[in-house]
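Below you'll find the structure, written out as structure tokens, and then a few comments.
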Amino acid sequence: MSAAAATHDEHHDHGPARGLMRWVFTTNHKDIGTLYLITALIMFMVGGAMALVIRAELFQPGLQLVDPMFFNSMATLHALIMIFGGVMPAFTGLANWMIPIMIGAPDMALPRLNNWSFWLLPFGFVLLASTLFMEGGGPAAGWTMYPPLVLQTGAALPFTIFSIHILGISSILASINIIVTVFNMRAPGMSLMKLPLFVWTWIITAFLMIAIMPVLAGTVTMLLTDKFFGTSFFNAAGGGDPVLYQHLFWFFGHPEVYVLILPSFGVISQVIPTFARKPLFGYSSMVYATASIGFLSFIVWAHHQYTVGMPIEGELFFTYATMLIAVPTGVKVFNWVSTMWKGAMTFETPMLFAIAFVVLFTMGGFTGLMMSISPADLQYHDTYFIVAHFHYVLVPGAVFALFAATYYWLPKWTGRMYDERLGQLHFWLTAISVNVTFFPQHFLGLAGMPRRIADYAVQFAEFNAWSTVGAFVFGFAQLIFVYVIIKAIRGEGEKANDEVWEGAREHGLEWTLPSPPPYHTWETAPEIH
Amino acid sequence: MKIFKLLLAVLGWVLSSRARADYTLNLTEGVTKLSHDVHDLHMLILWICVGIGILVYSLLIYSIIHHRKSKGVVPAQFHENTKLEILWTVIPFLILLSMAIPATKVMIEIYNSDTMPGPTDLTVKVTGYQWKWRYEYLGEGIDFFSNLDAKSNEARQLGANIDPAKVDNYLLNVDNPLVIPVNKKIRFLFTGADVIHSWWVPDFGWKKDTIPGFITDGWVKVEKPGIYRGQCTELCGRDHAFMPIVVIAKPEAEYQQWLAEQKSKGEAATAQAKAEAVKTFTKDELIAKGQEVYNANCASCHQPNGEGIPGAFPAITNSPVVNGPIEEHARLVLKGKGQLMPPFEAVLKPAEIAAVVTYQRNALGNSKGDLIQPAELPAQN
Ligand SMILES: [Cu+2]
């Protein structure tokens, strides 16, 4: 069945409803995908503004702008908003838009659930943001919320916890939907080992989320009962253990890291073959590597806790297990490089971001490997070396993958080519400033600057100044990105054809549909070769 | 406008800062055998990563230069190579082994202090408080707090307008440093009084969390005399950035001299405390002393003006406890409450407790009018 037949079916009355209610009641995967993506974009701006408050305060030694308590609040909310509001909803938005199209399904399997899982989010974020205006200020114990410190939070504590519950429910529902969709709604002939890698990485991500979100919800609920109902889960005086919280939190937290990065691997595995005009190298090893990373992510959690005084057996076990993750991750990097090898590459904006991803994510991988080694980590732990590491894997990692995905699929979504010159400008400003921001932080950490401090000794001044300059350039460069998206949505720019990218038809079902695709797609399943 | 001004300031700063730059790029080698070993391990894994990086990035750059459409390349269509894929699974595994072995050795060294010849020469109990450190020399009768030094404390206030560069060791200086002898095996026992802190002196090669209700440990044998500075590295609330660690390592003779001085100072202080515990103070004396005690011990949570932090730390101003029966008020200060209010009988002397209770009832917006003498405090134990 051709794409044309899929679009011109008899259901002409099934266009979108009009006005605001279209978005409130929508069960259409494309609409919901759009809602997720726009929410994520807004949250990136909110979380980014918080990051700039942090960087502005750290521009010079001495306190110039904010009280340390507010600084801690900014650091806490920046992380929570970027993780739960930015990266996760953005990838869920991509999943909503692309997975049904990529597997030849007419929509997500559970469309009403889909609507609900999105509409939980705004409530969760309003609740979270409202804590800033509560008695005692916003949550300020870090996004990891370690007790006993977190129990010193004022009125914000229960609201923060409830918002985490809401966001967690949303993630679980979205994950269930993705799994059910992929396992039941594939077009005939779309066997599991033919799935695009983006879909594969998302299945594994969805399983991770279903496994870990309840752990997080339970753990923060224990904080709630410790604070308000007299339990002592984490209170040594009552027979509890503050470190138990850390074990529970990181049992969630480490797989969570892969929830943020696995879909990025998927995006990069879609983009590089298209612009190298070559099939992805090592498809099946990519799938197995993703699954191995997913499995390993469950047995490495305590590498976040090398300094709590674990027995040596624990330190060594978590060291070895963590080091092992380098193997499947290495396989991925080698596969991407081999995909580019002897290809016929062009360097449009999505490809630029994808290449920068490979280079800079690998940097983050190296520092990650260094930190996995427990005796060395006793020095690195809780310093700016760690801050540099996780920002390298999350910003030029996950966020660059999101940029690549947006530029890659934006012409498909809107039917308009984005402005390539602006895209390139956005890329270079972003790629340079991200390094100016985060590279010096390696030096700061090694020289002895702890993380999460509002003020620092003067020998750290120079690199902090650089980092702040980089952060502001990075932040304002993103306005170009927003402008590019708005232009495309408003229908400005050259019309995009179905294939969009030369030869893209070979690289996924989405490129056989019109640009933009009709409101309903694949009502008749495509034929898979 | 603000942004423009900021950018100008940025430019000025960047141009001028080269002159005052005093930075390091790499991990310190430190001053213990352990810290040297950790440093060597760090360098080993760093160079291995650099090596792999050069290889991967070279291939990538070569490909980007040569395998581009604009050069008229016809794309190859290969998409797997089992031999290659097995190779780049096995080789990284072997590289990891080459890192894991030395890592294990150093880890064993860190844990197995028994391999150090001789018994432990000194045990120091380190307790993390919001936001200061307490050092107890077990068996020596020495016990003191170590706070951020006054000059840094003044300069670090919001809007203080004091150039941190002009403060000696800004944020890395304390009033009472920890003093230890060189070339002796010293064991530290760590615990936290309120929340989790982490004790880190980079020159010793490790850090350890101080966890309320639990004891963790670590040890050092410092090779050369000197002043070694560090900071709390676990987020511990508002003043996390302001609880530095200063360790002075002295040759044995000088250490013994310091020890003797501390002991006689300590004895004098104990004698004074004993005398004060039965002394009758005037109300003004109590209030004056109480204000000092309050600002040093209570103000960080209950705030300098006594208004507390709503939802987290109760206000002293108009507090029902402060304005209730004085014995109950004193008992709360002595015994503490819940996880957040520590029992101050462990920290303060009777005269100090009586003073701070009296101060709270007659200041910070309260005017109860009564006072309590040290001898009138509820029974202690
Ligand atoms: Cu601390």
Per the filter on segment A:445-470, residues open to solvent by 10 Å² or more (accessible area, probe 1.4 Å) and more than 24 Å from B:Trp200 (Cα to Cα) are A:Trp466, A:Val469
Exactly one of B:Phe190, B:Phe145, B:Phe214 is out of contact with any Pro (no Cβ under 9 Å at 6 or more places or on another chain), within 24 Å of A:Gly239 (Cα to Cα) and of a type outside the set (Val, Ile, Thr), and that one is B:Phe190
Being open to solvent by 20 Å² or more (accessible area, probe 1.4 Å), in contact with a helix residue (DSSP H, G or I) (Cβ under 7 Å, 6 or more places away or on another chain) and not in a helix (DSSP H, G or I) is the filter here, so list the residues in segment A:18-63 that pass it. A:Thr27, A:Gln60
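One line per residue, one yes/no per condition, for (1) assigned to a helix (DSSP H, G or I); (2) open to solvent by 20 Å² or more (accessible area, probe 1.4 Å); (3) more than 9 Å from chain B (Cβ to nearest Cβ); (4) of a type outside the set (Asp, Glu):
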position	(1), (2), (3), (4)
A:Ala237	yes, yes, no, yes
A:Pro255	yes, no, yes, yes
A:Leu262	yes, no, yes, yes
A:Phe295	yes, yes, yes, yes
Of the conditions (1) touching a Ser or Thr at 6+ places or on another chain (Cβ under 6 Å); (2) open to solvent by 20 Å² or more (accessible area, probe 1.4 Å), the single one that A:Phe439 does not satisfy is (1)
Can you confirm whether segment B:257-265 contains a residue that is polar (S, T, N, Q) and within 16 Å of the ligand (Cβ to nearest atom)? no
What's the total number of residues in segment A:357-374 that are open to solvent by less than 10 Å² (accessible area, probe 1.4 Å) and either free of Cβ contacts under 8 Å to residues at least 60 places away in the same chain or of a type in the set (Asp, Glu) (or both)? 3
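Against the definition (surrounded by fewer than 17 Cβ atoms within 10 Å (Cβ to Cβ), among the small types (Gly, Ala, Ser), modelled with pLDDT of 85 or more and more than 19 Å from B:Ala269 (Cα to Cα)), how does B:Gly338 come out, yes or no?
Values: surrounded by fewer than 17 Cβ atoms within 10 Å (Cβ to Cβ): yes; among the small types (Gly, Ala, Ser): yes; modelled with pLDDT of 85 or more: no; more than 19 Å from B:Ala269 (Cα to Cα): yes.
When the stated conditions are applied, B:Gly338 does not pass them.
Which one of these is open to solvent by 90 Å² or more (accessible area, probe 1.4 Å) and within 19 Å of A:Pro328 (Cβ to Cβ): B:Leu94, B:Leu84? Working first, answer last.
On the way: B:Leu84 fails: open to solvent by 90 Å² or more (accessible area, probe 1.4 Å).
Exactly one residue qualifies, and that residue is B:Leu94.
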Identify, by number, the condition in (1) more than 16 Å from the ligand (Cβ to nearest atom); (2) more than 11 Å from every other protein chain (Cβ to nearest Cβ) that B:Ala103 doesn't meet. (2)
Leading residue by the ranking (nearest to the other protein chains (Cβ to nearest Cβ)) among those in segment B:210-228 that are crowded, with 20+ Cβ neighbours inside 10 Å and within 25 Å of A:Gln459 (Cα to Cα): B:Tyr228
Give the residue that is nearest to the other protein chains (Cβ to nearest Cβ), with candidates limited to residues of segment A:135-153 that are under 24 Å from A:Val257 (Cβ atoms) and open to solvent by 20 Å² or more (accessible area, probe 1.4 Å). A:Tyr146
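Which one of these is touching a Phe, Trp or Tyr at 6+ places or on another chain (Cβ under 9 Å), open to solvent by less than 30 Å² (accessible area, probe 1.4 Å), more than 16 Å from B:Val124 (Cβ to Cβ) and not assigned by TED's automatic domain parsing to the domain that holds B:Val106: B:Ile196, B:Ile180, B:Ile186?
Numbers: B:Ile180 fails: more than 16 Å from B:Val124 (Cβ to Cβ); B:Ile186 fails: more than 16 Å from B:Val124 (Cβ to Cβ).
Only one candidate qualifies: B:Ile196.
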Could you list, in sequence order, all residues of segment A:461-503 that are basic (Lys, Arg) and part of a helix (DSSP H, G or I)? A:Lys487
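Can you say whether A:Leu132 is more than 22 Å from A:Thr34 (Cα to Cα) and of a type outside the set (D, E, K, R), as far as the supplied structure shows? Before you say what the answer is, go through the steps one by one.
Numbers: more than 22 Å from A:Thr34 (Cα to Cα): yes; of a type outside the set (D, E, K, R): yes.
For A:Leu132, the condition - more than 22 Å from A:Thr34 (Cα to Cα) and of a type outside the set (D, E, K, R) - is met.
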Being away from the ligand (no atom under 16 Å from the Cβ) and assigned to a strand (DSSP E or B) is the filter; apply it to segment B:202-217 and report the residue that is modelled with the highest pLDDT. B:Trp206
Quick one: which residue in A:Phe347, A:Phe357, A:Phe361 is over 23 Å from the mean Cα position of the chain (by Cα) and within 14 Å of chain B (Cβ to nearest Cβ)? A:Phe347
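Determine if segment A:410-432 includes at least one residue that is part of a loop (DSSP other than H, G, I, E, B), modelled with pLDDT under 95 and open to solvent by 30 Å² or more (accessible area, probe 1.4 Å). If you could, list the steps in order and put the result at the bottom.
Keep residues of segment A:410-432 that are part of a loop (DSSP other than H, G, I, E, B), which gives A:415, A:417-419.
Then keep just the ones that are modelled with pLDDT under 95; that gives A:415, A:417-419.
Next, only the ones that are open to solvent by 30 Å² or more (accessible area, probe 1.4 Å) stay: A:417, A:419.
There is at least one residue in segment A:410-432 that is part of a loop (DSSP other than H, G, I, E, B), modelled with pLDDT under 95 and open to solvent by 30 Å² or more (accessible area, probe 1.4 Å).
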Any hit, segment B:112-129, residues being surrounded by 18 or more Cβ atoms within 10 Å (Cβ to Cβ) and in contact with a helix residue (DSSP H, G or I) (Cβ under 8 Å, 6 or more places away or on another chain): no
Residues satisfying the stated conditions in segment B:145-172, i.e. farther than 18 Å from B:Arg229 by Cβ and either facing chain A (nearest Cβ under 8 Å) or touching a residue at least 24 places away in the same chain (Cβ under 8 Å) (or both): B:Gln157, B:Leu158, B:Gly159, B:Ala160, B:Ile162, B:Asp163
Which residues, taken from segment A:325-343, are at the interface with chain B (Cβ under 7 Å from one of its Cβ atoms) and either assigned to a helix (DSSP H, G or I) or under 17 Å from A:Gly294 (Cβ atoms) (or both)? A:Ala326, A:Val327, A:Gly330, A:Val331, A:Val333, A:Phe334, A:Val337, A:Met340
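Can you tell me how many residues within segment A:175-188 are touching a Phe, Trp or Tyr at 6+ places or on another chain (Cβ under 8 Å) and open to solvent by less than 10 Å² (accessible area, probe 1.4 Å)? Write out each step before concluding.
Taking segment A:175-188 as the starting set, the residues that turn out to be touching a Phe, Trp or Tyr at 6+ places or on another chain (Cβ under 8 Å) are A:175, A:178-179, A:182, A:187.
Add one more test, that the residue is open to solvent by less than 10 Å² (accessible area, probe 1.4 Å), and what stays is A:175, A:178, A:182, A:187.
Looking only at that region, the number is 4.
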Take segment B:261-284 and flag every residue that is touching a residue at least 60 places away in the same chain (Cβ under 8 Å) and part of a helix (DSSP H, G or I). B:Gln262, B:Lys263, B:Gly266, B:Ala273, B:Glu276, B:Ala277, B:Val278, B:Lys283
Residues of segment B:174-201 classified as away from the ligand (no atom under 12 Å from the Cβ) and closer than 25 Å to B:Lys224 by Cβ, total: 17
Looking at this structure, is B:Glu85 of a type in the set (D, E, K, R) and facing chain A (nearest Cβ under 7 Å)? yes
Considering each residue of segment B:235-252, count those that are more than 10 Å from the ligand (Cβ to nearest atom) and either in a helix (DSSP H, G or I) or at the interface with chain A (Cβ under 7 Å from one of its Cβ atoms) (or both), and give that number. 2
Residues of segment A:38-92 classified as on the phi > 0 side of the Ramachandran plot and modelled with pLDDT of 95 or more, total: 0
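The values are calculated or read from the model by the stated rules, or taken from the named source; none is laboratory data. Bear in mind the structure is a predicted one, so any value in this text is a computation, not a measurement. Reconstructed Cβ throughout: ideal geometry from the backbone, glycine too, with neighbour counts over all protein chains shown. For accessibility, only protein heavy atoms count, side chains too; no ligands or nucleic acids. Shrake-Rupley method; radii C 1.70, N 1.55, O 1.52, S 1.80 Å.
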